[in-house]
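The structure appears below as C-alpha cells.
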Amino acid sequence: MQRMIIALASLVSGLVALYLHLWKIGLAGSLSCGSGGGCAYVQGSKYGWFLGIDVALIGTIGYALIFLVAFAGTLPRFVDDRRVTRLLQLLIWPAVLFTIRLKWAEFVILKSFCPWCAVSAVTITLCALLVTSDARRLARLEAATD
C-alpha cells in the first residue's frame with residue numbers, strides 16, 4: 001500500500017514539477033499561483049537553479065524515477081522485495097535534504113512562498129514517511145519468517 005501511495009503522490013508532484021519547468025522555458029503560458037507572485041519570484045531566483053540545471057527539471061526527473069520504482073514495487077513479484085524499498089530510500093532521502101535547502105532559501109533568504117513548491121515539499125515528506133513505513137513492514141515480515 002505504501003508503494004502505491006508513493007507512486008501516486010510522485011506522479012502528481014512530477015506533473016507539477018513538469019508544469020513549472022515548462023513555464024520556465026516558455027512553453028506553459030502564464031504561471032498560476034495566486035496573488036503575490038511568489039511562484040515567479042522563487043522560480044526566477046538563483047535558487048530556482050542548481051548547478052545550472054532548472055530545479056523543476058530536477059524535480060520532474062526525480063519524481064519520474066520515484067514513480068517508476070514505486071510502481072514496479074507494486075507488481076506481485078516485487079511486493080516484498082527489499083531492494084525496491086532501498087532504491088526508493090536512495091531516491092527519496094536526498095530529495096528530502098534538497099527540499100529542506102530549497103524551502104530554507106524560499107522562506108529565509110527570499111522571504112517568499114510558492115504554493116507549487118509547497119506541494120512538492122509535502123509530497124516528498126509523505127514519501128519519506130511511507131518509505132520508512134515500508135522498510136519497517138519488510139523488517140517485520142523478515143523477522144516473522146526467521
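Go ahead and run the numbers for FRET between A64 and K111, Cβ-Cβ distance against an R0 of 35 Å, rounding to 0.05.
That pair, A64 with K111, gives E of 0.65.
Quote the charge dipole size of the chain about the Cα centre in Debye, to the nearest 20; the model charges only the Cβ of Lys and Arg (+1) and of Asp and Glu (-1). If you can, show how the numbers build up before the last one.
Details: 13 positive and 7 negative charges, 30 e Å.
So the magnitude is around 140 debye.
Given contacts defined as C-alpha pairs under 8 Å and at least six residues apart, what's the relative contact order of the chain, whole-number percent? Numbers along the way, then the final one.
Working: 148 pairs, mean separation 53.4, N = 146.
Relative contact order here is 37 percent.
Which FRET efficiency value, to the nearest 0.05, is calculated for R82 and M1 with the Förster distance at 22 angstrom and r the Cβ-Cβ distance?
The pair R82/M1 has a calculated efficiency of 0.85.
By a straight-distance test (C-alpha under 18 Å), which lysines pair with K24 as possible cross-link partners, with residues fewer than eight away in the same chain excluded?
Leaving aside lysines fewer than 8 places away in the same chain, those within reach of K24 are K46.
Laboratory data are not the source of any read-out in this text; all were calculated from the coordinates shown. These numbers were taken from a predicted model, which means no experiment stands behind them. For neighbour counting, all protein chains shown are included, and Cβ atoms are generated from backbone atoms with ideal geometry for every residue, glycine included.
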